[in-house]
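A.B. asks: A single structure is presented below for examination.
The values are calculated or read from the model by the stated rules, or taken from the named source; none is laboratory data. Since this is a predicted model, take the numbers as computed values, not measurements. Cβ: placed from backbone, ideal geometry, glycine included. Neighbour counts: every protein chain shown. To get the accessible areas, we keep the full protein, side chains included, count just its heavy atoms, and leave off ligands, DNA and RNA. Shrake-Rupley method; radii C 1.70, N 1.55, O 1.52, S 1.80 Å.
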Amino acid sequence: MDYLDWEEKMSNRVIIERLEVGDVNNCTYVIVDIMKKVAVLIDPAWELEKIIACLNSHNASLHAILLTHSHYDHTNLVLPLVQRFSCIVYMASKEIDFYGFKSDNLVPVSDLEIIRIGNLEFECILTPGHSAGSMCFRIENNLFTGDTVFIRSCGYCNCKGGSYNEMFESIKKIKEIALKDEIAIYPGHYFRNDYEHQKEFLKRNLYFHIKDIETFIKFASLSDKKNMYLKYEYKN
């Protein structure tokens with residue numbers, strides 16, 4: 001089935017699928033409660049029919065969308081999906097307030113809040129830096145990080161609402177979680193040869209080894225100058 005790029009089962013009751021979408025290596029994630037046939041999407045973008053095909057393959061109804069942040073390349077399919085499924089949309093209240101993000105059925109959430117959909121339980125973890133209210137979502141030992149961190153890098157900070165200082169603190173926050181519990185990360189963009197290293201991001205990602213803010217800003221700002229995603233920040 002060509003829509004299926006990747007799949008993982010957790011405890012034989014939850015399936016996570018990663019769909020590669022768009023022309024800037026976006027990831028849309030589909031999480032399915034196998035028993036209840038309830039689905040959740042994280043950052044739906046670009047390829048509607050691919051997402052619909054994935055939902056149909058599991059005979060799952062879409063109940064919710066979780067948005068890690070408001071950039072257009074992570075949110076551009078929210079409207080058609082809400083119109084089609086009447087699903088709830090969750091986003092950090094800080095992100096909504098800062099950028100004025102709007103959607104039908106929009107529900108603001110806060111740091112450490114728990115979202116329950118069917119048997120699925122997500123913990124909200126506020127991680128600003130890439131945007132003012134970027135948020136990660138955790139289910140069991142799986143963390144969906146949006147554009148906060150990737151396997152070997154972090155999201156750019158030189159955009160409206162971005163902050164090197166906040167990103168530095170958010171990376172420390174994720175590191176503390178990872179050191180306490182063995183987690184795998186599911187970032188908002190994919191890079192080849194990263195898939196097999198989801199649980200090794202602490203070792204492979206330079207930014208988790210930088211201990212002072214000055215060094216962090218030096219490396220992160222150099223990376224930002226080369227960033228390929230800037231044109232997809234916002235679409236009014």
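A.B. asks: List pairs: first in segment 64-78 and farther than 15 Å from residue 108 by Cα, second open to solvent by 10 Å² or more (accessible area, probe 1.4 Å) and assigned to a helix (DSSP H, G or I), Cβ under 6 Å, 6+ apart or cross-chain?
C.D. replies: Note: pairs meeting the criteria are 72/232; 73/232; 77/48.
A.B. asks: Another one. For segment 13-28, enumerate the residues that are part of a loop (DSSP other than H, G, I, E, B) and either touching a residue at least 60 places away in the same chain (Cβ under 8 Å) or within 12 Å of residue 39 (Cβ to Cβ) (or both). Explain how you work it out, then say what you get.
C.D. replies: Narrowing segment 13-28 to residues part of a loop (DSSP other than H, G, I, E, B): 13, 22-25.
Passing the criteria: 13, 24, 25.
A.B. asks: Restricting attention to segment 169-199, which residues are in contact (Cβ under 8 Å) with a residue 24 or more places away in the chain and either of a type in the set (D, E, K, R) or touching a His at 6+ places or on another chain (Cβ under 7 Å) (or both)?
C.D. replies: Our first condition is that a residue be in contact (Cβ under 8 Å) with a residue 24 or more places away in the chain; within segment 169-199, this holds for 169-171, 173-175, 177-178, 181-191, 194-195, 197-198.
If the condition is that a residue be in contact (Cβ under 8 Å) with a residue 24 or more places away in the chain and either of a type in the set (D, E, K, R) or touching a His at 6+ places or on another chain (Cβ under 7 Å) (or both), then 169, 173, 175, 181, 182, 188, 194 are the ones that fit.
A.B. asks: I've got another one for you. What are the residues in segment 25-49 that are open to solvent by 10 Å² or more (accessible area, probe 1.4 Å) and under 18 Å from the mean Cα position of the chain (by Cα), if any?
C.D. replies: 25, 46, 47, 48
A.B. asks: Related question: Might you check whether a residue that is closer than 26 Å to residue 23 by Cα, touching a residue at least 40 places away in the same chain (Cβ under 8 Å) and not in a loop (DSSP other than H, G, I, E, B) occurs anywhere in segment 107-116? Steps first, please.
C.D. replies: Going through segment 107-116, the residues closer than 26 Å to residue 23 by Cα turn out to be none.
Looking through segment 107-116, none of the residues is closer than 26 Å to residue 23 by Cα, touching a residue at least 40 places away in the same chain (Cβ under 8 Å) and not in a loop (DSSP other than H, G, I, E, B).
Per-residue answers, yes or no, for (1) of a type in the set (Phe, Trp, Tyr); (2) buried (at least 24 other Cβ atoms within 10 Å of the Cβ); (3) not in a loop (DSSP other than H, G, I, E, B):
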residue	(1), (2), (3)
124	no, no, yes
130	no, yes, no
137	yes, yes, yes
145	no, yes, yes
159	no, no, no
172	no, no, yes
179	no, no, yes
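A.B. asks: Turning to a different aspect of this structure: I'm told residue 161 meets every condition in (1) touching a Cys at 6+ places or on another chain (Cβ under 9 Å); (2) touching a residue at least 60 places away in the same chain (Cβ under 8 Å) except one. Can you identify the failing condition by its number?
C.D. replies: (1)
A.B. asks: Do you know which of the residues in segment 82-99 that are open to solvent by 30 Å² or more (accessible area, probe 1.4 Å), out of contact with any Pro (no Cβ under 9 Å at 6 or more places or on another chain) and part of a helix (DSSP H, G or I) is farthest from residue 48 (Cα to Cα)?
C.D. replies: Only one residue tops the list, namely 98.
A.B. asks: Among the numbered conditions (1) open to solvent by 20 Å² or more (accessible area, probe 1.4 Å); (2) part of a helix (DSSP H, G or I); (3) within 17 Å of residue 137 (Cα to Cα), tell me where residue 166 comes up short.
C.D. replies: Status for residue 166: all satisfied but (3).
A.B. asks: Could you tell me how many of the residues in segment 51-81 are open to solvent by less than 40 Å² (accessible area, probe 1.4 Å) and outside any strand (DSSP E or B)?
C.D. replies: Applying the first criterion (open to solvent by less than 40 Å² (accessible area, probe 1.4 Å)) to segment 51-81 yields 51-55, 58, 60, 62, 64-71, 73-78, 81.
So of that shortlist, the ones also outside any strand (DSSP E or B) come out as 51-55, 58, 60, 67-71, 73-78, 81.
Qualifying residue count, segment 51-81: 19.
A.B. asks: Scanning for something in contact with an Asp or Glu (Cβ under 9 Å, 6 or more places away or on another chain), modelled with pLDDT of 95 or more and either hydroxyl-bearing (Ser, Thr, Tyr) or over 23 Å from residue 189 (Cα atoms) (or both), does segment 34-49 turn up at least one residue?
C.D. replies: no
A.B. asks: If I filter segment 188-198 down to residues being open to solvent by 10 Å² or more (accessible area, probe 1.4 Å) and at pLDDT 75 or above, which single residue comes out as nearest to residue 142 (Cα to Cα)?
C.D. replies: 190
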